[in-house]
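First the structure, in the form of structure tokens, and then the observations on it.
Rule-based calculations on the coordinates, nothing more; no lab input. Since this is a predicted model, take the numbers as computed values, not measurements. FYI the Cβ positions are ideal-geometry reconstructions off the backbone, even for glycines, and counts take in every protein chain you see.
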Amino acid sequence: MSNPETVETLAFSDGKLVLIDQTRLPEELVTLTCNTVEETHDAIKRLVVRGAPAIGIAAAYGVCLAAAPNTPTRQDYLDSIAHLATSRPTAVNLFWALDRMKRVIEATADNDALHQMLVQEAITIHDEDRIMCKSIGRNGAELLKQCQRVLTHCNAGGLATSMWGTALAPIYQCHQDGQEIEVYADETRPLLQGARLTAWELSRAGIPVTVLTDSMAGSLLRSGRIDAVIVGADRIASNGDVANKIGTYPLAVLARYHKVPFYVAAPSSTFDMTLKDGEGIPIEERSREEIAAPQGVCVVPAAANVMNPAFDVTPAELVDCIITERGVVEKPNRASVTAHLS
């Protein structure tokens, strides 16, 4: 079986950050070039680049664009970190990557060498992500060995990282190993990341994929056709509670009721050990228009209110395993998570 490679989600070339514009998929495969910190901030906020690991990488490169095209000062870099941290609140990888960039600033006394040191750190974060994707793929593939049909939610594939993704990495690994595996992808309202992005990248890789509306998942699980559910994560609390795209929590409840394994795949950098549980995870509220006027078409009366949280929290007790680049946390709780990360 050929090696299923995903597209290059982002790149840093000639001092510029180049991103696949995911708001244009699946109709167009085009890129957006960011020359400044502000353009990077806007790209993250508008979901041009999205997925916790990819957001972290993009932000790291964004720091390197401080004060461009002028020669940045040390304070310019620190200001860029503070500004990029305001782009999206839930994905902890954003803050993890920015903290790494800040530590480089603090540890580098030579101002002339600082820019190159920051670029190198961003490249290192990018390279580590590729290794992470492969490792999660191998670790998760062991859990999916006997699976033929897998259900997923949102997009946690190559478009959300630098390569294979998190939740989709085990599926790519199984496909590469010659295992016949089919993916059912929730469309993931309101922005349809499952329909637009997951289905697009799996189709390109030659992996069979079927899109369903989010409200069909319960009936599908009841039918007995799904062998496992696997999703990504944007932040995981120290007790194993998981924040992921809105709609993940009801999917976990349905999976438990129908006795279908529910797996979460994420890098170890997604754990936020400062939070005792999921109650402390900040949940991003997005604009009314995403619900009320998708693609510019009004579907909600002006007098009606709208709720648009981007994420929900799934309690650890509903998660069978968390898959990371380090291995697998079975029945996650505070003790098992701490041991896994130590």
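Here are some notes:
- Computed as a quarter of the hull surface, the mean projected area of the alpha carbon convex hull for segment 49-164 stands at 8.0 nm².
- ³J(HN,Hα) computed for each position of segment 242-251 - Karplus, 6.51 cos²θ - 1.76 cosθ + 1.60, integer Hz, glycine/proline x: 10, 9, 8, 3, 3, x, 6, 4, x, 5
- For the pair segment 1-67 / segment 166-186, the C-alpha centres are spaced 24 Å from each other.
- Structure note, pairs Lys16/Lys45; Lys145/Lys245; Lys145/Lys259: Cα-Cα distances above 21 angstrom occur for Lys145/Lys245.
- The magnitude of the dipole of the chain, with charges of +1 and -1 set on the Cβ of Lys/Arg and Asp/Glu and taken from the Cα centre, is near 760 debye.
- Antiparallel %, DSSP beta bridges [both residues in the chain], to 5: 50
- Near Leu17, the amide H atoms lying under 5 Å from its own belong to Cys34; only residues 5 or more places off or on other chains count, and H is placed 1.01 Å from N.
- Placing +1 on the Cβ of every Lys and Arg and -1 on the Cβ of every Asp and Glu, with no other charges, gives segment 150-305 a dipole of roughly 240 debye about its Cα centre.
- Overall form of segment 198-298 per C-alpha gyration tensor (a/c, 1.5; a/b vs b/c): oblate
- Candidate cross-link partners of Lys331 among the aspartates and glutamates, defined by an alpha-carbon separation under 14 Å and a same-chain spacing of 8 or more, comprise Asp241, Glu317, Asp320.
- Taking a ≥ b ≥ c as the square roots of the eigenvalues of the Cα gyration tensor, segment 1-119 is prolate, since a/c reaches 1.5 or more and a/b is larger than b/c.
- Multiplying the residue separation of Asn333 and Gln179 by 0.36 nm and subtracting their alpha-carbon distance yields 52.3 nm.
- Average silhouette area of segment 140-341, convex hull of alpha-carbon atoms, in square nanometres: 11.5
- Stretched out straight at 0.36 nm per residue, the stretch from Thr71 to Thr210 would grow longer than its current Cα-Cα span by 45.1 nm.
- Across all Cα atoms of segment 130-223, the radius of gyration (one decimal) and Dmax (whole number) stand at 12.5, 37 Å.
- Percentage of interatomic Cα-Cα distances in the chain larger than 30 Å: 33
- Spin-label model distance (nm) - Asn308 vs Asp112, 7 Å beyond Cα toward Cβ: 5.0
- Sparse-neighbourhood loop sites, GluC sites (Glu not before Pro) in segment 23-114 - DSSP loop, at most 13 other Cβ within 10 angstrom: Glu27, Glu28
- For the chain, adding -39500 (n - 2.57) for each run of n ≥ 4 DSSP H residues and dividing by the number of residues yields -11000 deg cm²/dmol at 222 nm.
- Highest-MSF residue in the chain out of Val49, Val104, Val37 [GNM, Cα springs under 10 Å]: Val104
- Lys, Arg +1 and Asp, Glu -1 on Cβ, resulting dipole of segment 1-74 about Cα centre, debye, nearest 20: 300
- Between helix 52-63 and the chain: long-axis angle, C-alpha atoms, 0 to 90°, nearest 10: 10
- Here the relative contact order of the chain, from alpha carbon pairs under 8 Å that lie six or more residues apart, stands at 16 percent.
- Label-point separation in nm, Glu279 to Glu317, each point 7 Å along Cα→Cβ: 1.4
- Antiparallel DSSP beta bridges within segment 140-341, percent to nearest 5: 40
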